[in-house]
Amino acid sequence: MSSTRPATHPAQASSIAPGTARSTGRWAEVGLLIVALVLGLGGFVLTALNRTGSSPAQILQLGGSLVAVAVVVHLWVRRTAPWADPVLLPAAVALNGLGLAMIQRLDLSYERLEQTHDYAPKQAMWTGIGVVLFCAVLVVRDYRLLRRWDRWAMWGGLAFLVLPFIPGLGQSINGARIWIHLGPMSFQPAELTKVLLAVFFASYLISNRDNLALAGRRILWMNLPRARHLGPLMVVWGVSILVLVMQKDLGSSVLLFGLFVVTLYVATDRPSWLVLGALLFVPAAWFAATHLHHVQQRITAWLDAMDPAVYDAQGGSWQLVMGLFGMASGGVLGSGWGSGYPNLVTFANSDFIIASIGEELGLTGTLAILMLYLLLIERGLRTAMSLRDGFGKLLAVGLSFTIAIQVFVVVGGVTRLIPLTGLTMPFIAYGGSSLVANWMILALLIRLSDAARRPPTTAPRFVDTAELPTGIRRHVLDAGAESDPEGPALEADPIIDPEAYGGGEPSPANDPAVPSTPSTPSAPSASSVPSAPSGPPAPAPWPGAPAPQPGAAPDGSAHLGPPAPYPYEAQAPEPPYGVQAPEPPRPSPGDPFATTVINAEEEEQA
């Protein structure tokens, strides 16, 4: 029976079994999108019935635009990211639909007071722009390409922060210089800054996390980082302070600093960075509370909201107290769509939209919306845990935390848990810049989840056996031979063909590495003996040694064919006394198929 070992020939990719079939989740996404549309359209219909007793044409147009958005984004995700998480998109569509319904409901109240603003059509237009950018982001099939643009993301994010200071372009609204004019509309560029800086933070930290994770001095129970590695943290802290002081934007300052500290902690797994971030936040908060007038007003309204002097003061707690009264009047189940008075609160459709929802949907509806946010954040963090590369993990964590900190800061400010900051609720609140940025964040999360949920394929693996120890190298070659029994033999396979010896084992008389035994195998037939190679004789293995005879092995042994297979390894004869054998030739650096001679005894001692 022939025992010829075939070559280690990798299987073709098309011949690899795909394994157990898994659902992509797209039909589950369709079902969840139907539920999300029912929630959004139900808000439109109930508002119209409770306010006018009929369905105005504008409500039908807004509802139709919501359905069109859901269909377009689903088809695009099905085409570009078929393995994406099926929960992310329906959760965002539900939040966007509920926000449109509440903004339309507030427009009806403003019209009754002869204050026509048409906020709902503008929000629908910004939703369309966000969907276009959502589809554009998903065109990038490999999110790892974003690492090539990390410096552009950094400079782009800083440029968006500087835009409001350009004369003629920037605009100051309510004391905060964070807006720019784009024709008839205004835009807040800092919303795009959080997306770009999330990409830059993930790329920078994954490249420098080893240095940032090095431990310095140990104080109490934690290892502090080295002083020379505090530079990035101090730079981001300084930028946050500049945003706070010059733009008077407390929300963006907290968001940027918190995003970097959390991403830094996830990258290094060192709680000391969180402690340092908190220590840097304390003096910054003290400085803002004692030297910045607009921050002083918000802290005073937070601490003494029910004080009549603070309530009646300009920039006092009137807005905060009215929002608390509105949520209290809603109770557990709320007054119903269109049956409350949320328009009594200023900025009821943007900063205080959660108070408007609490009044008309009650505590139950508010908790349901918060659960949608929690589901969106949890799916983002699950995506981070499932990804197999550090950049994707940090990017998913950063984007998920961006949504989480906005929800916490807004809900905490409206419920008087923390001072008001000026951020808006993602996908729900009125604001084109925030809505566009959140659709871009959603597109990145969907791209990351597509890479995380895509089943791994068993691709052929090419192993460079030159760098492997002898025992492992033999094991790899044997495993490759067993996995591909029909592959063609290599032209330069160093393993002997036993058929060359007449179907038996190699002769010990012809192999100095095998001790002689009384019984010897049958001699090989004349037809199986390989012919002598043509050309000049091979050089001597060392100076003064006889040159190998024709038909002998290249190492000078008396083989009648190729070297013996394992376990009969051919050994070169010992050189004469005083003559040092030359070192074996080393493989060239560019040769992927080169092999390296390894001393087994040295390997075992090592």
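Worth pointing out:
- Note on surface exposure: Lys393, Lys248 rank Lys248, Lys393 by accessible area, highest first, 1.4 Å probe.
- Accessible surface of Glu191 - all protein chains present, 1.4 Å probe, nearest 10 Å²: 10 Å²
- With the alpha-carbon atoms of the stretch 289-360 aligned to their principal axes, the span from lowest to highest coordinate is 43, 22, 17 Å, starting with the largest.
- Remark: accessible surface ordering of Trp439, Trp179 (largest first) is Trp179, Trp439, probe radius 1.4 Å.
- Phi angles of the stretch 61-71 translate, via the Karplus equation with coefficients 6.51, -1.76, 1.60 and θ = phi - 60°, into HN-Hα couplings of 5, 5, x, x, 5, 5, 5, 4, 4, 4, 5 Hz per residue; Gly and Pro are given as x.
- Projected label points at Leu113 and Tyr341, each 7 Å from Cα along the beta carbon direction, are separated by 1.1 nanometres.
- The stretch 251-279 and the stretch 106-151: distance between their alpha carbon centers, rounded to Å: 28 Å
- Size descriptor for the stretch 330-401, Kirkwood hydrodynamic radius: 14.0 Å (Cα pairs only, one decimal).
- Ligands, DNA and RNA aside, Arg141 has an accessible area near 140 Å² when probed at 1.4 Å.
- Under Karplus coefficients 6.51, -1.76 and 1.60, residue-wise ³J(HN,Hα) of the stretch 425-439 in Hz, glycine/proline x: 6, x, 6, 9, 6, 6, x, x, 5, 5, 5, 5, 5, 6, 5
- For Trp179, the residues whose amide H sits under 5 Å from its own are Gln171, Ile173, ignoring neighbours fewer than 5 places away on the same chain, with H placed 1.01 Å from N.
- Cα-based shape type of the stretch 26-453, given that a ≥ b ≥ c are square roots of the gyration tensor eigenvalues and the cut on a/c is 1.5: oblate
- Counting only heavy atoms of the protein chains and using a 1.4 Å probe, Tyr311 has close to 70 Å² of accessible surface.
- Using only alpha carbons, the stretch 247-346 has a radius of gyration to Kirkwood radius ratio (Rg to Rh) of 1.12.
- Sulfur and carbon atoms: percent of accessible area, the stretch 26-453 [1.4 Å]: 68 percent
- Accessible surface comparison of Asp269, Asp478, probe 1.4 Å, protein chains only, largest first: the order is Asp269, Asp478.
- Taken one residue at a time, the phi angles of the stretch 449-455 give Karplus couplings (6.51, -1.76, 1.60, θ = phi - 60°) of 5, 5, 5, 6, 8, 5, x Hz. Gly and Pro are set to x.
- Of all lysines in the structure, the ones whose alpha carbon falls short of 29 Å from that of Lys393, not counting any fewer than 8 places away in one chain, are Lys194.
- Near Tyr430, the amide H atoms lying under 5 Å from its own belong to Ser350; only residues 5 or more places off or on other chains count, and H is placed 1.01 Å from N.
- Scanning residues 5 or more positions from Ile418 or on other chains, those with amide H under 5 Å from its amide H are Gly413, with H placed 1.01 Å from N in the peptide plane.
- The alpha-carbon atoms of the stretch 39-194, seen along their principal axes, cover 56, 45, 20 angstrom, with the largest extent given first.
The values are calculated or read from the model by the stated rules, or taken from the named source; none is laboratory data. It should be emphasised that the depicted structure is a prediction, and the values quoted were computed from it without experimental measurement. Heads up, the Cβs are rebuilt from the backbone with ideal geometry, glycines too, and the neighbour counts pull from every protein chain shown. Surface areas here come from the heavy atoms of the whole protein model, side chains and all, with no ligands, DNA or RNA. Shrake-Rupley method; radii C 1.70, N 1.55, O 1.52, S 1.80 Å.
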